[in-house]
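Some notes on the structure that comes next.
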């Protein structure tokens with residue numbers, strides 16, 4: 001299956017795109033997705049280690065199964081709220 | 001000397017005046033003033049025990065000497081700030 | 001700005017008084033007249049004050065907050081009669097960091113209830129009561145109902 | 001009201017969203033862009049966000065605050081480019097009593113920095129930096145200067 005992965009902040013800027021597409025076998029997990037992203041974008045490896053993954057707007061664990069049509073996002077450590 | 005004493009909240013309402021005048025010997029203290037007030041306004045006695053005294057807009061102790069022209073005020077326990 | 005007003009308080013005025021380029025955090029407290037107190041429904045409040053001393057004490061609180069937290073502070077307090085929903089006090093505290101702004105603002109409201117000569121009268125279903133003493137310091141505030149005691 | 005805006009935030013809108021007759025205390029937090037950070041002078045900020053998830057997470061914080069403190073809450077957060085002095089976030093919390101309003105408001109800002117997918121980029125004298133991770137949780141936030149790392 002093909003999964004679209006949303007990128008934000010430094011990840012978006014590094015890749016130059018708001019999202020990337022990754023091809024995964026059926027029944028792939030979030031762990032598999034991260035592995036595929038590291039192969040496809042070696043320059044992101046360090047930042048991928050820091051990021052959490054959200055599926056359909058909820059944080060998920062690496063064991064979570066992905067399904068076609070899922071909205072997947074990489075969430076670097078957040079820094080909103082206030083400057084202080 | 002004659003001392004004008006400002007009244008607030010329940011004290012003002014009980015007496016029906018914003019201030020009262022009290023005659024005191026020279027070199028009288030705040031303690032003497034409270035004594036004179038208790039004699040002059042027996043109905044205030046309980047509430048006088050709860051009140052602090054301010055002279056020239058500062059809280060003072062019973063031993064403080066009064067001087068002609070001092071602005072004296074009786075300060076019941078305060079309750080401003082907010083209702084909660 | 002440390003003032004007692006007999007008209008509606010201005011949040012904008014408080015904000016303008018405290019904002020500065022180094023202030024990353026502003027914490028504001030608004031006291032609002034509730035529709036109930038002590039289990040009774042309340043129609044409104046009246047605040048009495050020793051105005052010059054109250055404004056002086058508010059300013060002293062602001063100076064203490066500046067020394068302790070490096071926060072710039074403004075306090076407006078209503079006097080006179082207030083309806084339910086009206087704002088009785090506004091405190092704004094601006095500091096470089098949020099922890100200081102929160103502590104400063106909280107300190108201001110607690111300190112007001114200890115030292116600033118302002119008193120409130122509650123117009124409740126069970127009568128009109130002068131509340132003397134802070135409900136924050138004693139479970140049983142000293143309340144004085146002159147009408148009742150004069151009956 | 002739990003929203004991300006790309007224009008100036010409205011304090012009035014937050015207040016209107018939380019006020020109710022039983023609320024005696026309203027505590028408001030404003031985050032303001034400072035002119036300095038990490039010892040550097042700062043020209044401005046840019047906030048990026050995963051908007052639908054961020055608004056959902058803000059709403060979840062509001063629901064948690066309602067359950068824990070009985071406080072009604074509103075949160076507005078800016079996205080896009082902000083100049084020094086502009087307001088990046090407004091949190092309003094209204095509760096029957098002031099202790100709850102203060103705790104609720106403080107909790108909201110701390111929780112935002114943990115779970116809400118919003119990120120800021122600092123435009124400072126030493127370059128433009130994505131700040132990833134909360135300065136509240138670590139002394140050394142993870143900062144990422146893409147220009148520098150690509151040189």
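Could you tell me which of the residues D:56, D:38, D:16 is on the phi > 0 side of the Ramachandran plot and either without any contact (Cβ under 8 Å) to a residue 12 or more places away in the chain or surrounded by fewer than 23 Cβ atoms within 10 Å (Cβ to Cβ) (or both)?
D:38
May I ask you to list the residues in the range D:101-134 that are part of a loop (DSSP other than H, G, I, E, B) and either free of Cβ contacts under 8 Å to residues at least 60 places away in the same chain or at the interface with chain A (Cβ under 7 Å from one of its Cβ atoms) (or both)?
Across the range D:101-134, the qualifying residues are D:116, D:117, D:133, D:134.
Write out, first by first residue and then by second, each pair whose Cβ atoms fall under 6 Å of each other, whose residues are 6+ apart or on separate chains, and whose first residue, in the range B:37-55, is within 14 Å of residue B:6 (Cβ to Cβ) while the second is in a loop (DSSP other than H, G, I, E, B).
B:51/B:76; B:55/B:70
Do any strands (runs of 3 or more DSSP E) lying entirely in the range D:1-56 carry at least 1 residues that are within 9 Å of chain A (Cβ to nearest Cβ), under 16 Å from residue D:85 (Cβ atoms) and in contact with a strand residue (DSSP E or B) (Cβ under 7 Å, 6 or more places away or on another chain), and which ones are they?
Those strands (runs of 3 or more DSSP E) span D:25-32, D:40-49.
On the given criteria, is residue B:47 loosely packed, with under 15 Cβ neighbours inside 10 Å and within 14 Å of chain C (Cβ to nearest Cβ)?
So residue B:47 does not fit the description; no.
Return the residues of the range A:53-80 that are more than 9 Å from chain D (Cβ to nearest Cβ), surrounded by fewer than 19 Cβ atoms within 10 Å (Cβ to Cβ) and under 24 Å from residue D:110 (Cβ atoms); say none if nothing qualifies.
Scanning the range A:53-80 gives A:60, A:61.
Name the helices (runs of 4 or more DSSP H) wholly inside chain A in which the number of residues that are at pLDDT 90 or above is 1 or more.
Because the criterion is at least 1 residues that are at pLDDT 90 or above, the helices (runs of 4 or more DSSP H) in chain A that meet it are A:9-15, A:30-40.
Filter the range B:6-23 for residues that are more than 12 Å from every other protein chain (Cβ to nearest Cβ) and in contact (Cβ under 8 Å) with a residue 12 or more places away in the chain; which is surrounded by the most Cβ atoms within 10 Å (Cβ to Cβ)?
B:22
The values are calculated or read from the model by the stated rules, or taken from the named source; none is laboratory data. All figures in this text were calculated on a predicted structure; none of them were measured in a lab. As a convention, Cβ positions derive from the backbone with ideal geometry for all residues, glycine included, and neighbour counts pool all protein chains shown.
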